[in-house]
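Written below as structure tokens is the structure these notes are about.
Only the coordinates and a few stated rules stand behind these numbers; no lab work does. Given the structure is predicted, the values throughout are model-derived calculations rather than measurements.
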Amino acid sequence: MTFSEARHDRGVVAHLGSGTEVWVLEVARGVADRFAGDVRLEHRPARVGDVAGSSADLTGGRHLFGTTPRAALEVGFDRTVAWFRSGGA
């Protein structure tokens, strides 16, 4: 099921993730690596409220969408980069 096929409830927030902790830097590097040098990561001081990593509770997303994530993080990186390269359509 894709997000566009899912039921849309206004005002509902759901965490999307795998339930496994992932560092923001790991995500940034994973996406940047797939752009083959077209992306330069900038390291700046943390801001108030910044989160270094996250391990999403999938209960809300499972209830809202009726499913849990099935794609590995690396597959998500590949799909995200392909989407951007296609013009985001």
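Values computed for the structure shown
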quantity: For SER18, residues with placed amide H under 5 Å, excluding near neighbours; calculated: ALA56
quantity: Relative contact order computed over segment 16-81 (Cα-Cα under 8 Å; 6+ residues apart), in percent; calculated: 51 percent
quantity: Rg/Rh (Cα only; Kirkwood hydrodynamic radius) as it applies to segment 16-81; calculated: 1.02
